[in-house]
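Novice: This is the structure, below, for whatever I ask next.
The values are calculated or read from the model by the stated rules, or taken from the named source; none is laboratory data. Keep in mind that this is a model prediction, so the values were computed, not measured. Cβ placement follows ideal geometry from the backbone for every residue including glycine, while neighbour counts extend to all protein chains displayed. All accessible areas refer to the heavy atoms of the entire protein, side chains included, with ligands and DNA or RNA removed. Shrake-Rupley method; radii C 1.70, N 1.55, O 1.52, S 1.80 Å.
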Amino acid sequence: HDHSSERVRFLQIHLGGDRNFCYLIGDRKSGKTAAVDPGFAPARFAALAQTEGLDITAILITHGHPDHTGGLEQLRDLTGAVVFGGAEDKVPHSEPLADRQVIQVGGLDITALATPGHSPGHFCYLCEGFLVTGDILFCGKVGGTGTYFKGSSARQEYDSLHGLMKLPDETLVFPGHDYYGGEGQRPHSTIGFEKTSNPFLTAPDFAAFCHLKDNWADYKKEHGIR
């Protein structure tokens, strides 16, 4: 899907995995581009960028889980791009990020936002109203925490999510997976929509947030959510 604006080439791409999304954020003027979360198809990702006339100079990793980083080394070898990721997620070959660090890609500024919770070194990336949220915020849902996700923290996730909700309502939300209902039903959202309709974000407090996490299967059944 091409969501480009006047200054930004913004491509949302399915390249396999568990309904994973990969992203290209390119400076329309220079063609310099950031690739977000290469997943498992780096050669196809690089070829797509080339077809679109985009030159990948940075690889941005939202978090260190293998479905997002699997093709990292190959994409780095193919492009020579600099890799950025959260230090606590130990992303191979990466420059460690600081909260609100600005990464320059051509004439674009991409701001890295520390959003721990789903993983300890999780980052979101904000560029001119486009927000790539990785696995902390999905359309209508939020990222998993618990023993299955090593180093995760529901408390950190809750705080990170409410930090993201301070962004302008019109900010476009682009998640790490196509998890809303059937595939392609809602591939992206906005901060304003999630703030008012995502049950995890309308939960009145942290206890209610955790209760919903613990009873999500029942809640989905009750509300007909897939």
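Novice: Please report, for the Cα atoms of region 88-165, the Rg to one decimal and the Dmax as a whole number; what are they, in angstrom?
Specialist: Taking only Cα atoms of region 88-165, I get Rg and Dmax of 12.8, 41 Å.
Novice: Once the principal axes of the Cα atoms of the chain are found, what is the range along each, listed largest first in whole angstroms?
Specialist: Projected onto its principal axes, the Cα set of the chain covers 47, 33, 30 Å.
Novice: While we're looking at this one, here's another question. Against the empirical 2.2 N^0.38 Å scaling, what ratio does the C-alpha Rg of region 1-110 come to?
Specialist: Normalised by 2.2 N^0.38 Å, the Cα Rg of region 1-110 equals 0.97.
Novice: What distance in nm separates the two pseudo spin-label positions at R7 and K29, each 7 Å out from Cα along the beta-carbon direction?
Specialist: Taking the two extended label points, one gets 0.9 nm.
Novice: Each residue of region 22-36 in order: what ³J(HN,Hα) in whole Hz does its phi give by Karplus 6.51 cos²θ - 1.76 cosθ + 1.60, θ = phi - 60°, with x for Gly and Pro?
Specialist: 10, 9, 10, 10, x, 7, 4, 6, 9, x, 5, 9, 9, 9, 10
Novice: Of Y148, Y23, Y179, which has the largest mean-square fluctuation in a 10 Å C-alpha GNM of the chain?
Specialist: Highest fluctuation of the listed residues: Y148.
Novice: How far, in nm, would the chain grow between R19 and Q74 when pulled straight, counting 0.36 nm per residue and subtracting the alpha carbon separation?
Specialist: Length gained between R19 and Q74: 17.7 nm.
Novice: Given R₀ = 35 Å, FRET efficiency for H162-Q104 by Cβ-Cβ distance, to 0.05?
Specialist: Rounded to the nearest 0.05, the efficiency is 0.75.
Novice: Per residue, how much accessible area does the chain show when a 1.4 Å probe rolls over the protein heavy atoms, in square angstrom?
Specialist: Here the per-residue accessible area is 45 Å².
Novice: Take the solvent-accessible surface of the protein heavy atoms, probe 1.4 Å, and return the percent of it on region 63-166 that carbon and sulfur atoms account for.
Specialist: 49 percent
Novice: OK, next. Among K141, K90, K32, which one shows the highest mean-square fluctuation when the chain is modelled as a Gaussian network with alpha-carbon springs under 10 Å?
Specialist: Greatest mean-square fluctuation among the candidates belongs to K90.
Novice: Something else about it: For the residue pair T51 and K150, what label-to-label distance in nm results when each label sits 7 Å from Cα along the Cα-to-beta-carbon direction?
Specialist: Computed distance between label sites T51 and K150 equals 3.6 nm.
Novice: Continuing with the same structure: If you keep only loop residues by DSSP, which GluC sites (Glu not before Pro) in region 145-212 have at most 15 other Cβ atoms within 10 Å of their Cβ?
Specialist: Listed in order of number, the matching sites are E170, E183.
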